[in-house]
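The block underneath contains the structure these notes are about, expressed in structure tokens.
The values are calculated or read from the model by the stated rules, or taken from the named source; none is laboratory data. Everything numeric in this text was worked out from a predicted model, so none of it was measured. Glycine gets a Cβ as well: all are built from the backbone with ideal geometry, and neighbour counts include every protein chain shown.
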Amino acid sequence: MPRLFWKLFLALWLSIMAFAVVVSWINQTVIQRYAVEETGRGFEDNRNRFAEILVQEMDQGGEKQVKRKLRNLPRGMRNHIFIIDPQGSELLGRDHVLKQLRRDRVKDSRKKIESADGQVYTLISTARKQPRGLLAPGPRGIGMRLGVAAIISALVSLLLARYLAAPLGQLSRASKQLATGDLTARVGAPLDQRNDEFGQLARDMDEMAGRLQVSQQANQRLLRDVSHELRSPLARLRVALEIARNKDQSLVVEELNRIELESERLEQLVDEVLSLLRESTAPQELNTQHFDLAEMLQELVETVNYEITEGREPIELHMEPPLLLDADRELLWRVFENLLRNALIHSGDADGIMVTARPVSGDEIQICVKDAGPGIAEAHIKHIFEPFYRVDEARNRSSGGHGLGLAIAASAVRRHGGRVSASNRQAGGLEVNVVLPVKHTLNSNV
């Protein structure tokens, strides 16, 4: 067993035994010396006094008066004074009590007394019955009581030490598994079902292990997707170079253009990965300034509308200015630019992209970006803000995206202390909601 178990056991057992020894010493040296001896002498004096009274009653009033006097004796004295009639029966019918006292070898004294009518009776005075076994006085009784106390305290200490040490052992085993890299380890039942501090610690530890496992899986997926995303343009670059080598000089320009395009895509991917790393690693200081969000959104929508191809409806903007807040203007520009371009790409040829911004309370502003595209299956919505996550029917590599834009935007919103969520519109399309606090005080990464 662990050393902690034996430490707890010995500490509890020795403390209980020390208390028992002290109590026994007090009982032996104080109670018996002063209380028991004085009580014993008082008992004998009282018994002899009551016996003399009964003798006088017998001499003066006879058997009836003695019976009445016997019944009125104090309870603690009544079963130590007996009177046997001439026929050999005890006056109050307590013959069985006398037999038991004889079997217990209790000392007694007998005295013949005579009634007024000349009948001879026997007065029997018995001593107190001495306790035996655990209740016996003296060293033997004390030793037996200490032995019983030692056994009982050992059992209690064993159970209590096990109750305290067993959960620590279970927690230790789970933590060792986690330390070796096994993130599937859990404390589990029965410890996590307890309602005390150990149960709370077990549940917290299991929750921590679950989050670590999810984080590890996300990192593994991130590395897998990054390697895949980098492999594809590099493979196309190698193919384009090989083709360029085997073509006439006049036809090389087309392949060089393809190489340039793939290089630009690769550079864009690297920039997005670096942006995500900046958002998800050490906290970055925000360049907080006081500005009007409505003015920024107006400028952004005008910029994006300028790039929209002819024949397509421009983005609509509905606001309740002014929308003043303290935030990093440049970072929020990139957030909403990302959301607008994402809506343009994934809504296809459908028109009807709309941006609304309004205060929802005295300390928050809500911005909604709505499109009229195909929307996203409900099973995928909660994952679209994860790095490299794509939904086949709404996101594909031909669109040029790598699944990083929404993850970067969500991280930037959380750094401002805000919230971001997505949902499907009843009329069709996707709606992304961003809620930002008016006053930002946290500059930490979430």
Taking the stretch 353-378 and the residues there that are part of a strand (DSSP E or B) and not hydrophobic (A, V, I, L, M, F, W, C), the one that is modelled with the lowest pLDDT would be 361
Could you list, ordered by first residue, the pairs with Cβ atoms under 9 Å in which the first is in the stretch 292-313 and in contact (Cβ under 8 Å) with a residue 60 or more places away in the chain and the second is assigned to a helix (DSSP H, G or I), at least 6 apart or interchain? 293/329; 293/332; 297/336
Looking at this structure, is residue 117 at pLDDT 80 or above and among the acidic types (Asp, Glu)? no
Please give the number of the condition residue 288 fails out of (1) modelled with pLDDT of 70 or more; (2) of a type in the set (Ser, Thr, Tyr); (3) exposed (fewer than 14 other Cβ atoms within 10 Å of the Cβ). (3)
Between a residue in the stretch 199-221 that is in contact (Cβ under 8 Å) with a residue 24 or more places away in the chain and assigned to a helix (DSSP H, G or I) and any residue that is surrounded by 15 or more Cβ atoms within 10 Å (Cβ to Cβ) and of a type in the set (Phe, Trp, Tyr), which pairs come within a Cβ distance under 8 Å, given they are 6 or more apart or on different chains? 221/388
Any idea which of 179, 189 is surrounded by fewer than 17 Cβ atoms within 10 Å (Cβ to Cβ) and over 16 Å from the mean Cα position of the chain (by Cα)? 179
Residues within the stretch 353-368 that are more than 14 Å from residue 294 (Cα to Cα) and either buried (at least 20 other Cβ atoms within 10 Å of the Cβ) or not aliphatic (A, V, I, L, M) (or both), tallied: 4
Given (1) closer than 30 Å to residue 326 by Cβ; (2) crowded, with 17+ Cβ neighbours inside 10 Å; (3) modelled with pLDDT of 75 or more, number of the condition residue 209 does not satisfy: (1)
Could you please let me know if residue 411 is modelled with pLDDT under 85 and over 31 Å from the mean Cα position of the chain (by Cα)? no
Looking at the stretch 55-72, can you tell me whether even one residue there is modelled with pLDDT under 70 and not in a helix (DSSP H, G or I)? no
Filtering the stretch 310-334 down to residues that are basic (Lys, Arg) and in contact with a strand residue (DSSP E or B) (Cβ under 6 Å, 6 or more places away or on another chain) yields 329
Quick one: in the stretch 330-352, which of the residues that are in a loop (DSSP other than H, G, I, E, B) and touching a residue at least 40 places away in the same chain (Cβ under 8 Å) is surrounded by the most Cβ atoms within 10 Å (Cβ to Cβ)? 347
